[in-house]
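Inspection log for the structure reproduced underneath, given as structure tokens.
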Amino acid sequence: MAVSGGLDSMVLWRVLQELAPAHRWRLVVAHYNHGLRGAESDRDEALVRSVARRLRCPFFSERGDVATLAKERGLSIEMAARQLRHEFLARTARSQTCSSIALAHHADDQVELFFLRLLRGAGHEGLAA
């Protein structure tokens, strides 16, 4: 599970935690600290680490230099952050032999992704959520 520490990902975690025993799921928590909000980013990471410890979930975290990647690749901060986060999640899933990655998204995330794809010139198939 990708857990940011925000309400949407914490709720997803709670739901998956409740469902896991019945489905024999092994939950692994992955948190990517973008470092874009200073101490607040660090508090989110500490919260997720603490809850993972309390729930006895394996916890993996990583931080990256979003601003540098954005400049190097000519990306927006948001796209650079997403790219780094998705690369981290894929590496973590592979290393833990996870067959799925759960991400929490709300309606605003879907709208944002739609417009990002539209701006990149995606066709109707690429725009579908």
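Points to keep in mind about this one:
- Test: residue in the stretch 88-102 that is surrounded by fewer than 13 Cβ atoms within 10 Å (Cβ to Cβ), within 14 Å of L27 (Cβ to Cβ) and β-branched (V, I, T): yes
- For first residues located in the stretch 83-99 and over 21 Å from H34 (Cβ atoms), partners that are buried (at least 17 other Cβ atoms within 10 Å of the Cβ) and lie 6+ apart or on another chain with Cβ distances below 7 Å form the pairs Q96/V28; C98/V28.
- R49 being surrounded by 12 or more Cβ atoms within 10 Å (Cβ to Cβ), in contact with a His (Cβ under 9 Å, 6 or more places away or on another chain) and free of Cβ contacts under 8 Å to residues at least 40 places away in the same chain: yes
- Subset of the stretch 14-73 [of a type in the set (S, T, N, Q) and within 18 Å of the chain's Cα centre (by Cα)]: Q17, N33, S41, S50, S61
- Extreme residue, farthest from V3 (Cα to Cα), among residues of the stretch 23-44 that are aliphatic (A, V, I, L, M) and either modelled with pLDDT of 95 or more or outside any loop (DSSP other than H, G, I, E, B) (or both): A39
- Matching residues, the stretch 3-59, being on the phi > 0 side of the Ramachandran plot and out of contact with any Ser or Thr (no Cβ under 7 Å at 6 or more places or on another chain): G5, R24, G38, R56
- Considering the conditions (1) in contact with a His (Cβ under 8 Å, 6 or more places away or on another chain); (2) within 23 Å of R94 (Cα to Cα), D44 is excluded by exactly one of them, (2).
The values are calculated or read from the model by the stated rules, or taken from the named source; none is laboratory data. All of these numbers come straight from a predicted model, not from anything done at the bench. Positions of Cβ are backbone-derived with ideal geometry, glycine not excepted, and every protein chain shown enters the neighbour counts.
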